[in-house]
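Below is one structure; the comments refer to it alone.
No value in this document is a laboratory result; all are computed from the given coordinates. Just so we're clear, the structure is a prediction, and the values are computed from it rather than from any experiment. As a convention, Cβ positions derive from the backbone with ideal geometry for all residues, glycine included, and neighbour counts pool all protein chains shown.
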Amino acid sequence: MADFDDTEHWEEDLGPSKSELKRQMIALQKLGERLVTLPEKKLARIPIGDERLAKAIFEARRIRSKNALKRQHQFIGKLMRNIDPAAIEQALAELDQQHQHQVDAFHAIEQLRDQALAQGVAGVELILQTYPHADRQQLRQLLLQHAREQRQQKPPTAARKLFQYLKALATD
């Protein structure tokens with residue numbers, strides 16, 4: 001009996017499977033859905049490239065019917081198959097990174113504020129180490145006002161003002 005080796009036919013590159021193609025299409029559709037939900041200013045910074053895709057995204061923003069919106073998302077996914085999504089994905093990643101930097105900065109400011117409030121008037125020095133150009137008198141007043149508000153069990157207005165002041169110092 002002759003040996004029949006059929007493995008060479010299976011080694012041909014058949015391309016991605018049908019399931020893989022479907023996963024890629026769903027990923028493009030999700031990317032399109034994310035573009036639809038972006039605020040106008042952020043969307044303007046995304047290099048869409050295709051005019052039909054841009055029009056479809058703006059059209060999807062106007063649609064209120066759930067089924068029609070689903071069809072529009074599918075259409076956007078179909079249009080996205082014709083473009084290279086790498087530039088869009090990179091722009092979205094940059095937007096996400098900028099947002100994360102803002103969140104991290106706010107957390108740092110909140111932490112500094114909380115530490116200063118816990119130390120009382122001595123917290124002025126803690127803030128001045130981070131922001132040497134801060135107004136010492138204003139910081140002292142806000143910290144004293146916060147202590148007074150806590151004794152009187154009032155809402156933390158001074159803590160909010162201190163956060164806003166620190167946020168303004170951080171942006172300068």
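Convex hull volume of the Cα atoms in segment 16-83, per residue, in Å³? Could the numbers behind the result be given before it?
Values: hull volume 5.6 nm³, N = 68.
It is 82 Å³ per residue.
In the chain, taking the dipole from charged Cβ atoms about the Cα centre, the farthest positive-side position among LEU142, MET25, ALA87 is held by LEU142. When you restrict to C-alpha pairs under 8 Å that are six or more residues apart and normalise by the size of segment 98-171, the relative contact order lands at 31 percent. Straight Cα distances below 19 angstrom link LYS78 to the lysines LYS18, LYS22, LYS30, LYS55, LYS66, LYS70, with same-chain residues fewer than 8 positions distant left out. A simple spin-label model places the labels of LYS22 and VAL121 7.1 nm from each other, with each point 7 Å out along Cα-to-Cβ.
More than 16 Å apart: what percent of Cα pairs in segment 98-171 qualify? Spell out each step's value before the answer.
Numbers: 1196 of 2701 pairs.
That tail contains 44 percent of the Cα-Cα pairs.
Both numbers refer to the Cα atoms of the chain; Rg and Dmax are 27.7, 100 Å.
Of all complete DSSP H helices in the chain, those with a Cα span along the helix axis of 24 Å or greater and a mean Kyte-Doolittle hydropathy of -1.0 or more are 18-37, 86-119.
Once both labels are positioned 7 Å from their Cα atoms along Cα-to-Cβ, the gap between TYR131 and ALA68 label points is 4.9 nm.
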